[in-house]
Amino acid sequence: MFITKHLLFHSQFKCIPRVPFSSRLFCSENPSINHDVETVFRIINSSPSSKNLKESLKSSGVFLSNDLIDKVLKRVRFSHGNPLHALEFFNYSGNRRGFYHTAFSLDTMLYILGRCRMFDKIWEVLIETRRKDSSLISPRTVMVVLARVAKVCSVRQTVESFRRFKKLVPGFDTGCFNALLRTLCQEKSMGDARNVYHSLKHEFRPNLQTFNTLLSGWKSTEEAEGFFEEMREMGVKPDVVSYNCLVDVYCKGRELDKAYKVVEKMRNEDIMPDVITYTSLIGGLGLVGQPDKARDFLKEMKEYGCYPDVASYNAAIRNYCIAKRLGEAYSLMDEMVNKGLNPNATTYNLFFRVFFWWNDLPSSWNLYRRMMETGCLPNTQSCMFLIRLFKKQEKVEMALQFWDDMVEKGFGSYTLVSDVLFDLLCDMGKLVEAEKCFLQMVEKGHKPSQVSFRRIKVLMELTNNHEALQNLLEKMAIFGMHIPKCVDSPTKTLDLDSLPVNHTFVTNLSPRRLKPRHVKKVAVIGGGLMGSGIATALILSNISVVLKEVNSEYLLKGLKSIEANVQGLVTKGKLTQDKVQKTLSMLKGVLDYSEFKDVDMVIEAVIESVPLKQKIFSGIEKACPAHCILATNTSTIDLNIVGEKTSSQDRIVGAHFFSPAHVMPLLEIVRTEKTSAQVILDLMTVGKIIKKVPVVVGNCAGFAVNQSFFPYSQGAHLLVNLGVDVFRINRAISSFGLPMGLFQYSSFLNIILCVILFHIYNVHVVIMLAVFFFFFRAGAGVGLGWFSGGNTMSKCSTFNLVMGALIEAEASSDCFLASRHSWIWSSHGSWESKNNGKGYYIFERGSKPKPDPSVLPIIEESRQLTNIMPGGKPISVTDQEIVEMILFPVVNEACCVLDEEVVV
């Protein structure tokens with residue numbers, strides 16, 4: 001038998017009798033206190049001032065008991081209510097003579113403030129609580145506060161906050177130390193917890209809970225073994241939890257033999273393996289591809305004094321889901337029911353995950369109905385799988401029925417689900433239904449996101465539904481939200497063409513009732529990497545394409561690229577061979593504009609040259625019919641400049657695809673002030689037909705995506721010129737999780753683009769200083785990365801070192817720092833990236849890209865020209881600092897793009 005072979009258990013283990021399943025007892029709540037909670041909650045959220053809040057609470061006649069205050073603060077927490085109003089209520093109720101808050105109220109109030117980063121207010125509350133009743137401040141309080149600090153601040157700041165509790169907690173002992181370690185394990189990383197443990201362990205006496213916390217989440221078996229050994233050296237005897245942590249680490253690392261030895265060791269020390277031990281082993285067997293052995297293990301557990309619980313079955317079911325053997329997974333779930341175990345939300349979520357990735361809505365819906373019939377409510381992740389499937393397949397009725405179930409039963413996250421639901425309803429023009437769902441959410445005390453509210457608000461303005469809009473504004477005022485106005489006057493009739501760029505996605509609901517025109521034929525100018533990809537995406541969706549090139553050689557290359565793209569889909573099993581000929585029959589190659597007389601849209605995809613694009617648009621304006629949409633795939637050039645020599649600027653629009661265009665799902669639709677709403681609607685419709693995700697953005701430098709990623713390139717080039725190895729930078733970014741680093745991507749495309757951009761924008765070295773300004777914007781306020789805290793900038797030696805180098809470069813150079821690379825590459829010639837296998841990386845057919853050592857002299861030349869290395873020596877940075885230097889500015893710039901409403 002499997003267990004006998006590996007675990008050698010003895011028969012003296014006693015069997016644990018099974019506990020019969022019994023139904024839960026539910027206690028009905030007092031309706032009177034629920035009414036009082038609702039009354040106080042509305043007073044808190046609707047009061048314009050502290051004085052008004054106090055007067056309203058006094059006049060309400062509601063007795064503020066501990067139980068009521070607990071419930072009100074809990075309501076504020078889960079509805080994301082106004083934290084300052086909640087604090088006013090907390091202080092008002094706590095200042096009554098002889099009244100003391102409960103520990104639950106204190107911890108909830110601290111959580112609300114911490115979530116909004118009001119750390120100064122947190123310490124004020126804690127100091128006042130210490131003065132009044134210090135016994136309320138417990139290790140749990142420590143953990144609540146530190147968790148919020150760790151969410152947005154550095155490890156150093158988290159530890160500093162921990163030390164501040166020394167004057168606040170009556171018993172600042174190992175229990176508080178354990179709270180710090182648990183916080184770091186959950187909010188930061190196990191490595192951070194390890195480092196803090198070693199630096200502070202001499203100040204506290206680590207106990208069993210300390211080591212169990214440190215053992216609980218390792219993926220590295222070496223680290224876990226090290227802590228286990230240290231535990232024994234300090235005379236702390238491990239318990240079943242300690243051993244279970246070690247077993248779990250081995251199982252996650254697919255080291256099953258070591259896991260079995262640990263179980264034998266437990267037996268030798270008279271520590272009986274429990275159901276968690278076996279559950280870890282079952283999961284480990286699934287990871288090594290042995291789901292059937294795991295099922296046998298499940299059957300044999302009871303012979304050794306341990307009966308499988310729901311978690312054990314879930315581990316076995318997960319194994320079959322990973323192996324895509326849903327039949328066996330379903331049979332295990334039926335077996336659970338037959339044994340008197342009820343599948344829980346996690347059980348069903350395992351299936352929902354598989355169905356979501358398979359895009360199998362019928363199976364998901366049937367499983368959901370079965371789940372509801374058994375009385376088990378979905379968790380938030382299952383809800384998100386379902387609502388995303390509804391949106392993907394545009395199933396409005398299913399989505400609304402699902403939402404009604406959520407409102408009635410009270411499961412799932414209203415905020416997360418509603419964002420997707422409102423997107424679906426607005427896209428489908430279901431404004432009445434969107435308003436109803438919105439009001440249901442508010443009545444439940446949950447705050448909709450500003451993005452969702454803004455979208456519904458714009459739709460109501462477009463349909464002149466001002467009465468309903470005013471009602472929503474009043475409802476949202478309960479949450480103390482500042483709602484930005486989308487138009488100058490709520491009573492003014494809107495002109496669709498005058499709407500801000502981020503509102504054009506609702507054109508189909510305008511008073512003019514625009515309808516998308518049918519686009520049957522599209523001309524693509526340029527058969528290079530982007531042009532061939534765009535043409536591929538169009539013909540795969542049965543849209544005829546005319547591909548134009550400047551000569552026969554380039555045209556033939558373009559046509560062959562498109563054919564290769566289509567054949568590649570056959571190889572991957574995404575297209576059948578019998579459909580290839582039909583797909584390619586939708587394509588025609590030309591060398592002039594003679595075939596443009598009946599096209600519905602033209603997409604220009606040539607190189608980033610302003611004169612060339614202007615010449616093309618002047619030509620196609622004359623060759624194409626009056627209704628034809630004139631689109632450009634430019635990723636950087638101002639559309640007003642592209643179309644300034646035409647008289648049809650209302651038809652000019654940006655259609656920015658991402659490489660490879662037939663694979664990448666995003667499509668930026670760039671609108672100028674003169675682009676008509678009809679053109680935007682038509683291009684959005686085409687985007688959906690070719691299975692893209694169209695996003696309407698403003699006509700600005702880099703639009704939305706490239707503007708967000710400008711700092712990405714700047715940070716990488718800056719590090720190279722400061723002496724950091726170019727291939728190490730690439731490895732650090734790839735290890736972080738991106739498919740490839742900047743320099744491999746540059747090799748994949750063409751670095752000559754940098755030279756072109758330099759000509760277009762004449763970028764100055766001050767842009768490089770802006771990279772570090774981005775760091776300061778991202779880090780100083782919330783404690784991220786190097787710049788954690790307001791005064792850290794002046795203390796950070798790395799920051800001062802780099803800023804000094806940049807200032808010197810600014811004083812001595814008029815060139816854009818990164819463009820040094822571009823000019824040097826250009827002067828060396830023959831840079832054509834993947835096209836000829838040259839670049840930072842060598843591309844050889846059939847093998848992975850390899851670093852090209854021949855670029856090192858060129859990089860050294862760039863460093864000498866830029867001359868910003870401090871003292872002429874390379875700076876010293878860790879891989880983590882490389883990632884932060886490159887990606888933190890990107891995150892911050894993306895937030896700025898959203899804040900500036902370049903895109904909604």
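The values are calculated or read from the model by the stated rules, or taken from the named source; none is laboratory data. None of the values given here were measured: they were computed from a predicted structure. Note that we place each Cβ from the backbone using ideal geometry, even for glycine, and neighbour counts take in every protein chain shown. Ligands, DNA and RNA are excluded from the accessible area calculation, which covers all protein heavy atoms including side chains. Shrake-Rupley method; radii C 1.70, N 1.55, O 1.52, S 1.80 Å.
A single entry from 373, 394 fulfils the requirement of being under 17 Å from residue 430 (Cα atoms) and either among the aromatic types (Phe, Trp, Tyr) or out of contact with any His (no Cβ under 9 Å at 6 or more places or on another chain) (or both): 394.
In the set 312, 331, which member is surrounded by fewer than 17 Cβ atoms within 10 Å (Cβ to Cβ), within 27 Å of residue 351 (Cβ to Cβ) and not charged (D, E, K, R)?
Result of the check over 312, 331: 331.
Annotation note: Cβ proximity below 6 Å between a residue of the stretch 118-146 that is more than 16 Å from residue 186 (Cα to Cα) and without any contact (Cβ under 8 Å) to a residue 12 or more places away in the chain and a residue that is outside any helix (DSSP H, G or I) and not β-branched (Val, Ile, Thr) (sequence gap 6+ or interchain) occurs for no pair. Can you work out which of the residues in the stretch 401-437 that are surrounded by fewer than 18 Cβ atoms within 10 Å (Cβ to Cβ) and among the aliphatic types (A, V, I, L, M) is farthest from residue 80 (Cα to Cα)? Per the criteria, the residue is 428. Only one of the numbered conditions (1) under 24 Å from residue 537 (Cβ atoms); (2) modelled with pLDDT under 90 is not met by residue 700, and that is (1).
The condition of being within 30 Å of residue 377 (Cβ to Cβ), open to solvent by 60 Å² or more (accessible area, probe 1.4 Å) and among the charged types (D, E, K, R) holds for only one of 293, 252, that being 252. Within the stretch 175-200, the set of residues being surrounded by fewer than 16 Cβ atoms within 10 Å (Cβ to Cβ) and more than 25 Å from residue 118 (Cα to Cα) comprises 191, 195, 198, 199. Evaluate the following for residue 140: is it surrounded by fewer than 20 Cβ atoms within 10 Å (Cβ to Cβ), at pLDDT 90 or above, part of a helix (DSSP H, G or I) and of a type outside the set (Val, Ile, Thr)? Against the criterion (surrounded by fewer than 20 Cβ atoms within 10 Å (Cβ to Cβ), at pLDDT 90 or above, part of a helix (DSSP H, G or I) and of a type outside the set (Val, Ile, Thr)), residue 140 qualifies. Restricting the stretch 352-363 to residues that are closer than 13 Å to residue 326 by Cα and assigned to a helix (DSSP H, G or I), which is most open to solvent (accessible area, probe 1.4 Å)? So the residue we want is 353.
Residue-wise test of (1) in a helix (DSSP H, G or I); (2) open to solvent by 40 Å² or more (accessible area, probe 1.4 Å); (3) within 24 Å of residue 664 (Cβ to Cβ).
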{"position": "708", "(1), (2), (3)": "yes, no, yes"}
{"position": "718", "(1), (2), (3)": "yes, no, no"}
{"position": "734", "(1), (2), (3)": "yes, yes, yes"}
{"position": "739", "(1), (2), (3)": "no, yes, yes"}
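Residue 90 meets all of the listed conditions (1) open to solvent by 20 Å² or more (accessible area, probe 1.4 Å); (2) closer than 21 Å to residue 169 by Cβ but one, namely (1).
Residue-wise test of (1) of a type outside the set (A, V, I, L, M); (2) at pLDDT 90 or above; (3) over 23 Å from residue 170 (Cβ atoms).
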site: 50; (1), (2), (3): yes, no, yes
site: 54; (1), (2), (3): yes, no, yes
site: 73; (1), (2), (3): no, yes, yes
site: 78; (1), (2), (3): yes, no, yes
site: 85; (1), (2), (3): yes, no, yes
site: 111; (1), (2), (3): yes, yes, no
site: 126; (1), (2), (3): no, yes, no
site: 130; (1), (2), (3): yes, yes, no
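For the stretch 315-325, the condition holds for at least one residue, the condition being that it is touching a helix residue (DSSP H, G or I) at 6+ places or on another chain (Cβ under 8 Å), basic (Lys, Arg), surrounded by fewer than 22 Cβ atoms within 10 Å (Cβ to Cβ) and over 28 Å from residue 238 (Cβ atoms).
Are any residues in the stretch 629-647 surrounded by 16 or more Cβ atoms within 10 Å (Cβ to Cβ), touching a helix residue (DSSP H, G or I) at 6+ places or on another chain (Cβ under 7 Å) and in a loop (DSSP other than H, G, I, E, B), and if so, which ones?
Of all residues in the stretch 629-647, those surrounded by 16 or more Cβ atoms within 10 Å (Cβ to Cβ) come to 629-639, 642-643, 646.
After this cut, where a residue has to be touching a helix residue (DSSP H, G or I) at 6+ places or on another chain (Cβ under 7 Å) as well, the list is 629-637, 642-643, 646.
Answer for the stretch 629-647, where residues must be surrounded by 16 or more Cβ atoms within 10 Å (Cβ to Cβ), touching a helix residue (DSSP H, G or I) at 6+ places or on another chain (Cβ under 7 Å) and in a loop (DSSP other than H, G, I, E, B): 633, 634, 635, 636, 637, 643, 646.
Name the single residue that is farthest from residue 254 (Cα to Cα) among those in the stretch 201-237 being among the β-branched types (Val, Ile, Thr) and buried (at least 20 other Cβ atoms within 10 Å of the Cβ). For the stretch 201-237, the residue satisfying everything is 210. For the stretch 232-252, the set of residues classified as more than 21 Å from residue 312 (Cα to Cα), assigned to a helix (DSSP H, G or I) and of a type outside the set (Asp, Glu) consists of 232 only.
When only residues in the stretch 512-538 that are in a loop (DSSP other than H, G, I, E, B) and either of a type in the set (Lys, Arg) or open to solvent by 80 Å² or more (accessible area, probe 1.4 Å) (or both) count, which is modelled with the highest pLDDT? Give the steps one after another, and end with the answer.
Residues of the stretch 512-538 in a loop (DSSP other than H, G, I, E, B): 512-520, 526-528.
Those left that are additionally either of a type in the set (Lys, Arg) or open to solvent by 80 Å² or more (accessible area, probe 1.4 Å) (or both): 512-513, 515, 517-518, 520.
Values: 512: 42, 513: 50, 515: 80, 517: 89, 518: 90, 520: 93.
Step by step, filter the stretch 512-538, then rank; the result is 520.
Per the listing 578, 592, the residue uniquely without any contact (Cβ under 8 Å) to a residue 24 or more places away in the chain and of a type in the set (Asp, Glu) is 578.
Residues in the stretch 34-47 that are farther than 18 Å from residue 447 by Cα and either part of a loop (DSSP other than H, G, I, E, B) or at pLDDT below 85 (or both): 34, 35.
Somewhere in the stretch 658-667, is a residue among the aromatic types (Phe, Trp, Tyr), closer than 30 Å to residue 522 by Cα and open to solvent by 10 Å² or more (accessible area, probe 1.4 Å)?
Going residue by residue through the stretch 658-667, those that are among the aromatic types (Phe, Trp, Tyr) are 658.
Keeping just the survivors that are closer than 30 Å to residue 522 by Cα gives 658.
Retained after the next criterion (residues that are open to solvent by 10 Å² or more (accessible area, probe 1.4 Å)): 658.
Checked against the condition, which is being among the aromatic types (Phe, Trp, Tyr), closer than 30 Å to residue 522 by Cα and open to solvent by 10 Å² or more (accessible area, probe 1.4 Å), the stretch 658-667 yields at least one hit.
Going through (1) at pLDDT 90 or above; (2) farther than 30 Å from residue 859 by Cα; (3) crowded, with 19+ Cβ neighbours inside 10 Å one by one, residue 678 falls short only on (1).
Quick one: in the stretch 474-495, of everything that is assigned to a loop (DSSP other than H, G, I, E, B) and modelled with pLDDT of 65 or more, which residue is surrounded by the most Cβ atoms within 10 Å (Cβ to Cβ)? It would help to see each step written out before you state the result.
First, the residues of the stretch 474-495 that are assigned to a loop (DSSP other than H, G, I, E, B): 478-495.
Going one step further and asking which of them are modelled with pLDDT of 65 or more, we end up with 478-479.
On the way: 478: 18, 479: 21.
Among those that are assigned to a loop (DSSP other than H, G, I, E, B) and modelled with pLDDT of 65 or more, it is 479.
The set of residues in the stretch 651-663 being modelled with pLDDT of 90 or more, out of contact with any Cys (no Cβ under 9 Å at 6 or more places or on another chain) and either closer than 18 Å to residue 709 by Cα or part of a helix (DSSP H, G or I) (or both) consists of 656, 657.
Does residue 67 satisfy the condition of being out of contact with any Asp or Glu (no Cβ under 9 Å at 6 or more places or on another chain), closer than 22 Å to residue 134 by Cβ and either modelled with pLDDT of 90 or more or surrounded by fewer than 18 Cβ atoms within 10 Å (Cβ to Cβ) (or both)? When the stated conditions are applied, residue 67 does not pass them. Just so you know, in the stretch 864-900 the residues that are aliphatic (A, V, I, L, M), open to solvent by 50 Å² or more (accessible area, probe 1.4 Å) and within 31 Å of the chain's Cα centre (by Cα) include one that is modelled with the highest pLDDT, and it is 891. When residue 471 is tested against (1) in a helix (DSSP H, G or I); (2) open to solvent by 10 Å² or more (accessible area, probe 1.4 Å); (3) at pLDDT below 80, exactly one condition is not met: (3).
In the list 323, 329, which residue meets the criterion of being on the phi < 0 side of the Ramachandran plot and either among the hydroxyl-bearing types (Ser, Thr, Tyr) or modelled with pLDDT of 90 or more (or both)? First the steps, then the outcome.
Values: 323 fails: either among the hydroxyl-bearing types (Ser, Thr, Tyr) or modelled with pLDDT of 90 or more (or both).
Every option except 329 fails the conditions.
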